[in-house]
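Some notes on the structure that comes next.
The values are calculated or read from the model by the stated rules, or taken from the named source; none is laboratory data. Bear in mind that the values here come from a model prediction, so they are computed numbers and not experimental data. Cβ: placed from backbone, ideal geometry, glycine included. Neighbour counts: every protein chain shown. Side chains included, ligands, DNA and RNA excluded: accessible areas come from the protein's heavy atoms. Shrake-Rupley method; radii C 1.70, N 1.55, O 1.52, S 1.80 Å.
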Amino acid sequence: GQVSKMTLHPLISGQGGWKLNMMEYTRSNDSKTRAVQTRQQSANQRQAVLFLHGLASNRHTFMIPGADVVGHFVKLGYTVLTPELRSHGLSKDDSGKLHGYFGVDDYIDDARAILRYWFELTGEGVHWIGHSMGGIIGLSLLMHPEAEHIKTLTTVASSLFYKGSAWARITPLLRVVGMLPSFPSGSLMRFLAPIGFRLPAAIDLFMAVSANIDGNVGRHLYRVNFEPIVKNVLKQVWCYAPLVILLNPHILRAILLVAFGLTHTLITINSNS
């Protein structure tokens, strides 16, 4: 029988009428599935786990062939949500064009809209799991009213410091990117997909530690998991980080709340695996 079913939730966020895409994955409710459903799976089905991608990524981050995190949680009985922020994946504005007139704060507004939408729809909060920037946005949400809709918060490889990382190496490209509306990371990675993880290359460091990932999986992600980065966001993240990020009142207050145990459960996983 069918293990899961998929539902598309289109919602609107922010100025310019951005159409955000969120996929919902649940276990099939046919008789065969119900017959083998455990008590724990039945309890889990009443809980939603939301996975938010990182910068220049999309929902495919969590649906890797052979390591499908979404499928794993669905089999455990959870409802799984994979929203995509503006300009990522299927989330586009009314014009369908990518422009650079928004920043990280607009991503936070998108995330707030997603939480409000799900709560209005179901009356329930979510377990938030954010990869890279998705975890940083989760931290930022903790000082907004929508924080009450986050049951737990897990961050994966959500570093506030890029010094010495592969990402920091593209900072010199900002002068070139300044003449473009966006950095074409999606097109670049698709172009490099055939040679990804086959040759010693710095570009692979953008993905993961090479020894921790199968080459076929890495090349698959090259093809489907990268998006362009708009100019304003690129400047915010690399040109001014970590100073601006740490001085951002949303993130700073969230870190302090977590540090002193005054807010939600937080799990941090700093790893490129």
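Of all residues in segment 144-161, one or more are open to solvent by 60 Å² or more (accessible area, probe 1.4 Å), out of contact with any Gly (no Cβ under 8 Å at 6 or more places or on another chain) and modelled with pLDDT of 85 or more. If the condition is being modelled with pLDDT of 75 or more and farther than 16 Å from Leu115 by Cβ, then segment 24-34 contributes Tyr25, Thr26, Arg27. Taking the conditions (1) part of a helix (DSSP H, G or I); (2) under 14 Å from the mean Cα position of the chain (by Cα); (3) over 18 Å from Asn232 (Cα atoms); (4) not β-branched (Val, Ile, Thr) in turn, Leu121 satisfies each one other than (2). Only one of the numbered conditions (1) within 26 Å of Ile64 (Cβ to Cβ); (2) modelled with pLDDT under 90 is violated by Leu180, and that is (1). Checked against (1) at pLDDT below 90; (2) under 24 Å from Tyr222 (Cα atoms); (3) basic (Lys, Arg), Arg59 passes all but a single condition, namely (1). Of the residues making up segment 183-201, those that are aliphatic (A, V, I, L, M) and either open to solvent by less than 90 Å² (accessible area, probe 1.4 Å) or at pLDDT 80 or above (or both) are Leu188, Met189, Leu192, Ala193, Ile195, Ala201. The set of residues from segment 137-148 being over 17 Å from Leu85 (Cβ atoms) and in a helix (DSSP H, G or I) comprises Pro145, Ala147, Glu148. For segment 43-87, the candidate set comprises residues that are hydroxyl-bearing (Ser, Thr, Tyr) and without any contact (Cβ under 8 Å) to a residue 60 or more places away in the chain; within that set, the residue that is least open to solvent (accessible area, probe 1.4 Å) is Thr79.
Take the residues in segment 124-136 that are within 11 Å of the chain's Cα centre (by Cα) and not in a helix (DSSP H, G or I); name whichever of them is modelled with the lowest pLDDT. Looking at residues that are within 11 Å of the chain's Cα centre (by Cα) and not in a helix (DSSP H, G or I), I get Ser132.
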